[in-house]
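**Student:** First the structure, which I've put down as structure tokens, then a few questions once you've had a look.
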Amino acid sequence: MKYSVVGLILIVLSGFLHTLERVAARVGSYIAVIGQQGGYDTTPTYPSITDNIFVLAFLVGGIILLLISLLQKKSTNSTL
């Protein structure tokens with residue numbers, strides 16, 4: 001596969017994992033509220049992008065691969 005395709009897949013995968021974490025935080029806050037009456041804070045604490053090492057690694061790896069792909073295309077175009 002080309003670097004640009006793998007880089008794009010890694011960036012999409014990191015976004016998907018981060019979204020799943022946010023959904024899990026939301027569902028977890030609703031589960032804690034079931035059966036509670038009044039006064040309970042239902043605001044979920046969302047994870048940041050640096051909380052999960054895989055999200056950060058996939059994002060950085062994807063950006064690096066996209067930059068490598070861009071540099072290869074520039075060097076190929078300059079020799080033509």
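The values are calculated or read from the model by the stated rules, or taken from the named source; none is laboratory data. A quick note: this is a predicted structure, and the numbers were derived from the prediction, not measured. Cβ placement follows ideal geometry from the backbone for every residue including glycine, while neighbour counts extend to all protein chains displayed.
**Student:** Give me the pairs, please: first residue somewhere in the stretch 63-74 and more than 12 Å from Val5 (Cα to Cα) and among the charged types (D, E, K, R), second residue anywhere and at pLDDT below 95 and loosely packed, with under 13 Cβ neighbours inside 10 Å, beta-carbon distance under 9 Å, and either six or more positions apart or on two chains.
**Tutor:** Filtered contacts from the stretch 63-74: no entries.
**Student:** Let me ask something else about it. Does the stretch 22-36 include one or more residues that are among the aromatic types (Phe, Trp, Tyr), at pLDDT below 85 and either in a helix (DSSP H, G or I) or surrounded by 10 or more Cβ atoms within 10 Å (Cβ to Cβ) (or both)?
**Tutor:** yes
**Student:** List every residue pair whose Cβ atoms sit under 6 Å apart, with the two residues 6 or more apart in sequence or on different chains, where the first one lies in the stretch 45-61 and is at negative phi and touching a residue at least 12 places away in the same chain (Cβ under 8 Å) and the second, anywhere, is not hydrophobic (A, V, I, L, M, F, W, C) and not in a loop (DSSP other than H, G, I, E, B).
**Tutor:** Between residues of the stretch 45-61 that are at negative phi and touching a residue at least 12 places away in the same chain (Cβ under 8 Å) and residues that are not hydrophobic (A, V, I, L, M, F, W, C) and not in a loop (DSSP other than H, G, I, E, B), the close pairs are Tyr46/Arg22; Pro47/Glu21; Val55/Ser14; Val55/His18; Phe58/Ser14; Leu59/Ser14.
**Student:** Evaluate the stretch 41-56: report whether one residue or more is part of a helix (DSSP H, G or I), modelled with pLDDT of 95 or more and of a type in the set (Val, Ile, Thr).
**Tutor:** No, every residue in the stretch 41-56 fails to be part of a helix (DSSP H, G or I), modelled with pLDDT of 95 or more and of a type in the set (Val, Ile, Thr).
**Student:** State which residue pairs qualify: first residue closer than 12 Å to Ile64 by Cβ and assigned to a helix (DSSP H, G or I) and inside the stretch 3-16, second residue modelled with pLDDT under 95 and polar (S, T, N, Q) in any location, beta carbons under 6 Å apart, and separation of 6 or more residues or different chains.
**Tutor:** Tyr3/Ser69; Ser4/Ser69
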